[in-house]
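The values are calculated or read from the model by the stated rules, or taken from the named source; none is laboratory data. What you see is a predicted model, and the numbers here were worked out from it, not measured in a lab. So basically every Cβ, Gly included, is an ideal-geometry build from the backbone, and we count neighbours across all protein chains shown. The accessibility values were calculated without ligands, DNA or RNA, using every heavy atom of the protein model including side chains. Shrake-Rupley method; radii C 1.70, N 1.55, O 1.52, S 1.80 Å.
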Amino acid sequence: MNSSKNVLIPYVIFAFVLGFAWFMLAPMVPDIMTELHASLSSVLLFVSFYGYAMVLGSIPAGLWTARKGPRPVLTCAVILSIIGLFLRIFAHTYAFFFVAQAIAALAYPFLIAPIGSVLRMSHVRNLKMSTGFTIGMLFFGMGLSAIIASYFTVSTGLWVGFILNLVVGIWLLFALRGIPRPETATFVRIRMTYSNWWIIGLVVSSTSVMIGGVTTSALEHLNISGAATLGGLLSGLTFLGSAVGAGLFGAVGEGVTNAKPLIRALAILSLVSVLLVALLMTGHLGHSKAMFDIMFFLAGVFGNGWYTLTLEEAARRAANDGSAGLNTAGYSMASNLGVAIIPVVLGPLVLSQPALWMTIVLILFVIAAILSFATRVQIR
């Protein structure tokens with residue numbers, strides 16, 4: 001059992017390096033547009049690619065984990081990540097970059113979607129805390145790369161992302177040898193259970209990716225000096241806040257019998273913080289750097305704390321360990337359906353129709369907040 005538990009550390013760190021390699025594209029969006037001769041929405045599609053992959057791969061990943069255990073699923077995640085990120089380095093045309101990014105994106109569902117089963121089948125205790133830690137490290141990687149990638153050339157950044165994934169991926173492959181295949185998995189009934197928590201995941205994840213992807217362009221549109229550097233910093237702060245929120249509220253949720261009051265509080269705090277971020281991005285609030293920093297960070301803290309608790313609530317509706325992974329896979333599929341569509345469709349409106357953009361974002365968060373109050377929480 002100890003060898004099974006040892007997979008948690010490389011699993012979490014691989015989530016970090018995958019997020020790092022992925023979201024370094026956000027502050028590079030203007031440079032990539034120039035290099036590939038592509039539009040803003042076309043390049044934002046690259047950032048959203050993992051959403052499409054999660055939509056397509058979440059349920060297969062959940063079923064595969066339920067039947068065969070985490071080992072082959074996570075192995076597939078490592079291989080896809082390494083191949084895709086390596087090819088991305090040499091992609092100097094839009095079509096080539098498209099293919100490479102699509103391959104790398106497929107690592108996401110096999111790594112993250114079945115997290116409910118991965119943690120349970122790896123004999124990990126403190127499930128809310130471990131879920132928060134894993135999701136938090138994914139976002140920490142996204143946030144850190146968004147902050148520092150603006151100081152890289154596109155080529156250097158892509159090489160760094162690949163090397164980190166290669167090294168940690170090899171570590172994870174060795175650690176996976178300690179997880180045996182579940183002998184009884186094929187005889188256990190596996191069933192996915194829908195819950196309203198899925199809608200909350202859709203709203204939080206899609207708007208986080210969208211805001212991170214369009215921040216630099218929005219600041220340039222407002223004629224703010226140093227927009228590229230500030231945009232990378234703000235995107236990074238959002239995802240660093242997401243890492244803090246996932247870890248902090250995952251740990252807090254572990255210690256409470258009834259998570260409903262905490263989920264409700266995070267719903268309201270997320271709504272307020274996103275409103276302030278939207279006002280800043282559309283120029284309706286003063287351009288104070290301190291205000292930008294604080295609100296983008298808090299939006300990440302509250303939003304991903306909310307996401308983490310509802311993700312584990314989705315897993316807790318399962319009848320067995322295999323179904324827990326399928327439930328979190330369903331949650332991931334729903335949330336990343338939003339990631340695949342909303343940033344590409346809604347993101348450009350922040351430049352052309354900022355009032356409409358802000359209105360739609362707020363409507364999405366109001367609906368999610370209402371569901372947080374209306375959906376039943378399982379009490380331990």
**Report entry** Sole exception among (1) of a type in the set (Gly, Ala, Ser); (2) modelled with pLDDT of 85 or more; (3) under 22 Å from Thr215 (Cβ atoms) for Ala26, by number
**Finding:** (2)
Report task. Please work out which one of (1) under 30 Å from Ala149 (Cα atoms); (2) of a type in the set (Gly, Ala, Ser); (3) surrounded by 23 or more Cβ atoms within 10 Å (Cβ to Cβ) is the condition Ala314 fails and give its number. Result -> (1)
Query raised in the report: What is the one condition in (1) farther than 20 Å from Ser205 by Cα; (2) open to solvent by 40 Å² or more (accessible area, probe 1.4 Å); (3) modelled with pLDDT of 85 or more that Lys260 does not satisfy?
Result: (2)
Query raised in the report: Which of the residues belonging to region 140-164 are out of contact with any Ser or Thr (no Cβ under 6 Å at 6 or more places or on another chain), of a type outside the set (A, V, I, L, M) and either open to solvent by less than 50 Å² (accessible area, probe 1.4 Å) or at positive phi (or both)?
Result: Gly141, Gly143, Ser145, Gly157, Gly161, Phe162
Report task. For region 32-53, state whether one or more residues are at pLDDT 80 or above, out of contact with any Asp or Glu (no Cβ under 6 Å at 6 or more places or on another chain), open to solvent by 10 Å² or more (accessible area, probe 1.4 Å) and closer than 28 Å to Gly178 by Cα. Result -> no
Query raised in the report: Of the residues Ile89, Ile83, Ile135, Ile115, which single one is touching a helix residue (DSSP H, G or I) at 6+ places or on another chain (Cβ under 6 Å), closer than 21 Å to Phe14 by Cβ, without any contact (Cβ under 8 Å) to a residue 24 or more places away in the chain and not charged (D, E, K, R)?
Result: Ile83
Query raised in the report: Would you say Ser217 is part of a helix (DSSP H, G or I), open to solvent by less than 10 Å² (accessible area, probe 1.4 Å) and either in contact (Cβ under 8 Å) with a residue 40 or more places away in the chain or touching a helix residue (DSSP H, G or I) at 6+ places or on another chain (Cβ under 6 Å) (or both)?
Result: no
Query raised in the report: What single numbered condition from (1) of a type outside the set (Phe, Trp, Tyr); (2) more than 23 Å from Ser225 (Cα to Cα); (3) surrounded by 24 or more Cβ atoms within 10 Å (Cβ to Cβ) fails to hold for Met281?
Result: (2)
